[in-house]
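A.B. asks: Below: one structure in C-alpha cells.
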Amino acid sequence: MEKWPNNKAWFLVLPAFIIVAFSGIIPLMTVVNYSIQDIFGPGEAVFVGTEWFKEMLGNHRLHDALWRQFMFSGLVLLIEIPLGILIALAMPKRGWGVSASLVILALPLVIPWNVIGTIWIIFTRPDIGLFGVGINSLDLLEVPFDHTAKPIYAWITLLAMEVWHWTPLVALLAYAGLRAIPEAYFQAAKIDGASAWATFLYIQLPKMRGVLTIAVLLRWMDSFLIYAEPFALTGGGPGNTTTFLSIYLVKLATMQFDLGPAAAFSLIYFLIVLLFSFAFYQALLNVGRGEKA
Amino acid sequence: MKIQKRTIALCVYFGVLILPIYWMLNMSLRTNADILGYFALYPKDPTFANYIKIFTDPTWYTAYINAMIYVGMNTVMSLAFALPAAYAFSRYKFIGDGQMFFWLLTNRMAPPAVFLLPYLQLYSTINLMDTHMAVALAHCLFNVPLAIWILEGFMSGIPKEIDETAFIDGYSFPRFFITIFIPLIRAGVGVTAFFCFMFSWVELLFARTLTITEAKPIVATMTRTISATGLDWGLLAAAGVLTIVPGGLVIWFVRNHLAKGFALGRV
C-alpha cells in the first residue's frame with residue numbers, strides 16, 4: 001500500500017514517543033552515567049572512563065552467563081519452533097475444537113511468570129511433585145531427581161518449563177499462518193497428487209515464513225531476557241549453572257550494589273540484544289516485501 | 001485413520017499442558033500438613049481453607065486489587081498512546097518513520113533488568129514510588145511499542161480509500177478516527193487490549209521493584225511470602241490458581257482473534 005508523504009504525522013507519534021522515552025531514554029541515560037563513574041555515595045562520584053567496560057568485558061562470569069544464555073536460547077528455538085509447527089498442523093480446522101484448542105493453548109501465556117516458576121516447583125519437587133515423585137518411583141536415575149541437586153536436572157526442568165510455557169505461542173502463530181492459506185492451494189496440490197510431506201514443504205512452510213519469523217524473533221528475544229521463571233524456580237543455581245544474563249545482572253546491581261560494573265554490563269547486554277533485534281527486524285521487513293512481490 | 005492419530009497426539013499434548021496446572025489446583029485444595037504428609041493424585045479431603053485465607057487476609061486480597069488497578073491503567077494508557085501512533089505508521093510516510101518504528105521496538109526488546117536501578121531513582125525523584133501509576137507507566141515501556149506493532153498490522157489491512165472518502169465527505173480527523181476508523185478495527189483494538197493486559201499482568205521485575213506496600217501486586221506478594229511463611233505450599237498454590245483466573249476469563253472473550261493477534265495482525 002502506497003503511503004501518503006506527510007511530516008505532520010509526527011504529531012500523532014509524538015505522545016507515544018514521549019511516554020516511551022520517559023520510560024526508555026531517561027533511565028538509559030542514567031545507566032550511561034553510572035557506567036563511566038565510580039559512585040561511593042550520593043554526590044560522591046569519580047569519572048573512570050571506560051574502566052568498567054574493560055572490567056566487564058574481561059569478566060569470566062559474564063562470559064559464562066552469556067554462553068549459558070546462547071545455549072539456552074538456542075535450545076529453546078530448536079525445540080519450540082518444530083514442536084509448535086507440529087501442534088499447529090494437528091489442530092482442528094473448524095468446529096468447536098478450534099475454540100477449545102485456542103483457549104487451552106493460550107492458558108499458559110496469561111499466567112504470571114513467577115507463578116510459572118511456582119507451578120513447576122510444585123510439579124517437579126521430589127517430595128510433593130507429580131513429576132518428581134513419578135520419575136523417582138521408576139527408579140531409573142542414579143541420583144534421584146531434584147532440580148536443586150544436579151545442574152543437568154536444573155537445566156532439564158528449566159527447559160521443560162520454558163517449552164511448556166512458550167510453545168503455545170509458536171503454535172498459535174503457526175496456526176494463524178496456516179489458516180491464512182487459501183483452500184485453492186490444497187485443492188491444486190491434491191489434483192497434482194502431492195504427498196502430505198510435499199504439501200507441507202512446498203505450500204505450508206513457505207506460506208508460514210512470515211509468522212515463523214515473528215515467532216523466532218519473539219522467542220529469541222524473550223528467552224534472552226528471561227528472568228522471573230529461573231529466578232522463581234532455581235534462583236540461578238545449583239551454583240551458577242542456571243544464572244542467565246538477567247539474573248546475573250540483577251544480582252550484580254541489587255545484591256552486591258556494584259553500580260558501575262552493573263551499568264556497563266547493562267549497556268553491553270542491551271547492545272547484544274539490539275544487534276540481534278536489528279538483524280531479525282531486517283529479516284522481518286524482507287519477508288513482508290517478498291510476499292508482496 | 002491419519003487424522004485420528006493426529007487428534008490423539010494433540011489430546012496428549014493438551015493433557016501435558018494442563019497437567020502442571022492441575023497439579024497446582026490439586027495442591028491448592030489441600031492443607032500444608034496434608035500435602036507434606038502423603039502423596040495423592042487428587043485431594044482426598046478437599047478444603048477451601050487456603051482460598052478463604054486469601055479472601056479474608058487484606059495483605060493477600062489487596063495485592064490482587066493492586067495488580068488489577070495498574071494493569072487496567074496500563075491497558076488504557078497503552079491504547080490511548082498507541083492508536084494515533086499506529087495510524088501514523090500505517091498511513092503516512094514521514095522523516096525518520098522507519099528509524100522511529102525500530103527504536104520503539106527496541107524498547108520492547110530491552111532487558112527489563114537493565115532499567116531496574118534507574119527506575120528506582122527516577123520514580124523516587126518524581127515521587128511516584130509505590131503507586132499504581134509507577135507500575136502502569138513502567139509497563140508502557142514494552143506495551144506501547146507492542147500495541148503500536150499489533151495495531152499497525154490491523155490498520156494496514158483497512159484500505160486507504162475509506163480514509164480518503166471520509167475526508168472528502170468533510171469529516172475532521174478526530175471525528176473520522178473515533179467514529180469510523182476505530183470501529184472498523186475493533187477486533188484489533190480488543191486483541192491489543194488483551195496483549196497489554198497479558199504482558200502487564202505477567203510481569204514481575206518492575207512490579208516488584210517499584211512497589212513497597214501500598215501498591216504491592218500479587219506476583220510480588222507471592223515471592224515475598226515464600227520465605228516468610230516457611231513455604232506454605234497449599235496457600236502458594238491457591239494464590240497461583242487465583243492469578244490464572246482473570247487471564248483465563250479474558251482469553252475466552254478474544255479466543256477467535258487470538259491467533260491473528262499473536263501474528264501481530266499480519267496474516
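A.B. asks: How much length is gained if the chain between A:SER99 and A:ALA149 is pulled fully straight, taking 0.36 nm per residue apart and subtracting their Cα-Cα distance, in nm to one decimal?
C.D. replies: 13.9 nm
A.B. asks: Give a residue-ordered list of calculated ³J(HN,Hα) values for segment A:21-29 (Karplus: 6.51 cos²θ - 1.76 cosθ + 1.60, θ = phi - 60°; whole Hz; x for Gly, Pro).
C.D. replies: 5, 4, 8, x, 7, 4, x, 5, 4
A.B. asks: Right, here's the next one. Largest first and in whole Å, what are the equivalent-ellipsoid semi-axes of segment A:1-151 based on the Cα gyration tensor, each being the root of 5 times an eigenvalue?
C.D. replies: After diagonalising the Cα gyration tensor, the semi-axes are 42, 34, 16 Å.
A.B. asks: Same structure again: Using only the Cα atoms of segment B:1-129, what do you get for the radius of gyration and for Dmax, in Å?
C.D. replies: In Å, with Rg to one decimal and Dmax whole: 24.0, 67.
A.B. asks: So, how do all the Cα-to-Cα distances of segment A:156-293 break down into 5 Å bins, in percent, from 0 on up?
C.D. replies: For segment A:156-293, the pair-distance distribution reads 2, 8, 14, 14, 14, 13, 10, 8, 6, 5, 3, 2, 1, 0.
A.B. asks: At 1.4 Å probe size, with every protein chain present, just tell me what the per residue accessible area of segment B:104-165 comes to in Å².
C.D. replies: The answer is 26 Å² per residue.
A.B. asks: Whole-Hz Karplus ³J(HN,Hα) for segment A:87-102, in order, using 6.51 cos²θ - 1.76 cosθ + 1.60 and θ = phi - 60°, x for Gly and Pro?
C.D. replies: 4, 4, 5, 7, 5, x, 9, 8, x, 5, x, 4, 4, 4, 4, 4
A.B. asks: With r defined as the distance between the Cβ atoms of B:ASN256 and B:PHE167 and R0 fixed at 25 Å, what FRET efficiency is calculated, to the nearest 0.05?
C.D. replies: 0.20
A.B. asks: At a 1.4 Å probe, what is the % contribution of carbon and sulfur to the accessible area of the protein assembly as shown?
C.D. replies: Ligands and nucleic acids excluded, carbon and sulfur reach 69 percent.
A.B. asks: May I pose another question? With bins 10 Å wide starting at 0, give me the P(r) of segment B:99-212 over every alpha carbon pair, in whole percents.
C.D. replies: In order of increasing distance, the bins hold 12, 34, 28, 17, 8, 0 percent.
A.B. asks: Per residue of segment B:133-140, in order, report the coupling 6.51 cos²θ - 1.76 cosθ + 1.60 (Karplus, θ = phi - 60°) as ³J(HN,Hα) in whole Hz, putting x for Gly and Pro.
C.D. replies: In residue order, the calculated couplings are 4, 4, 5, 4, 5, 4, 5, 4 Hz.
A.B. asks: If you don't mind, another one. Enter the mean projected area of the convex hull around the alpha-carbon atoms of chain A, in nm², rounded to one decimal.
C.D. replies: About 22.4 nm², averaged over all directions.
A.B. asks: For q values of 0.21 Å⁻¹, compute log₁₀ I(q)/I(0) with the Debye formula on a Cα-only model of segment B:1-47, without solvent.
C.D. replies: -0.70
A.B. asks: To the nearest 20 debye, what charge dipole does the protein assembly as shown have about its Cα centre, counting +1 at the Cβ of each Lys and Arg and -1 at the Cβ of each Asp and Glu?
C.D. replies: The calculation lands at about 1540 debye.
A.B. asks: If ligands, DNA and RNA are left out, what is the accessible area of A:ILE18 with a 1.4 Å probe, given in Å² to the nearest 10?
C.D. replies: Accessible area, nearest 10 Å²: 100 Å².
A.B. asks: Around A:GLN37, which amide H atoms from residues at least 5 apart in sequence, or from another chain, sit under 5 Å from its own amide H, with H modelled in the peptide plane?
C.D. replies: Under 5 Å from the amide H of A:GLN37 lie the amide H atoms of A:VAL48, each far enough along the sequence or on another chain.
A.B. asks: Okay, next question. Work out Dmax and Rg for segment A:164-219 from the C-alpha atoms and quote the Rg first, both in angstrom.
C.D. replies: Rg and Dmax of segment A:164-219, Cα atoms, are 12.7, 40 Å.
A.B. asks: State the extension gain, in nm to one decimal, for the chain segment bounded by A:ARG179 and A:SER195, taking 0.36 nm per residue of separation less the distance between their alpha-carbons.
C.D. replies: 3.8 nm
A.B. asks: Set the Förster distance to 30 Å, then compute FRET efficiency between A:LYS8 and B:VAL76 from the Cβ-Cβ distance, nearest 0.05.
C.D. replies: Here the calculated transfer efficiency is 0.70.
A.B. asks: Return P(r) of chain B (all Cα-Cα pairs; 10 Å bins starting at 0; whole %; ordered from short to long distances).
C.D. replies: The calculated distribution, bin by bin, is 6, 23, 27, 23, 14, 5, 1, 0.
A.B. asks: Turning to a different aspect of this structure: May I ask you to derive the FRET efficiency for A:ILE18 and A:ARG209 from their Cβ-Cβ distance with R0 = 41 Å, giving the value to the nearest 0.05?
C.D. replies: 0.70
A.B. asks: How many nm is it between the label spots at A:MET255 and A:ILE26, if each spot is 7 Å from the Cα in line with the beta carbon?
C.D. replies: 3.1
A.B. asks: So what's Rg/Rh here for segment B:60-117, counting alpha carbon atoms and using the Kirkwood radius for Rh?
C.D. replies: Rg/Rh: 1.13.
A.B. asks: Among B:PHE206, B:THR59, A:GLY95, flag the residue with its Cα farthest along the positive direction of the charge dipole of the protein assembly as shown, charges on Cβ as +1 for Lys/Arg and -1 for Asp/Glu.
C.D. replies: The residue sitting farthest along the positive end of the dipole is A:GLY95.
A.B. asks: On to the next question. Modelling each spin label as a point 7 Å along the Cα-to-Cβ direction, I'd like the B:GLN121/A:GLU51 distance in nm, to one decimal.
C.D. replies: Each label point is offset 7 Å from its Cα along the Cβ direction, giving 1.7 nm.
A.B. asks: Using a 1.4 Å probe, how large is the accessible area of B:ILE182, given in Å² and rounded to the nearest 10?
C.D. replies: 40
The values are calculated or read from the model by the stated rules, or taken from the named source; none is laboratory data. Please read all numbers here as calculations on a predicted model, not as lab measurements. Glycine also receives a Cβ, built like all others from the backbone with ideal geometry; neighbour counts cover every protein chain displayed. Ligands, DNA and RNA are stripped out before the accessible areas are found, and what is left, the full protein with its side chains, is counted by its heavy atoms. Shrake-Rupley method; radii C 1.70, N 1.55, O 1.52, S 1.80 Å.
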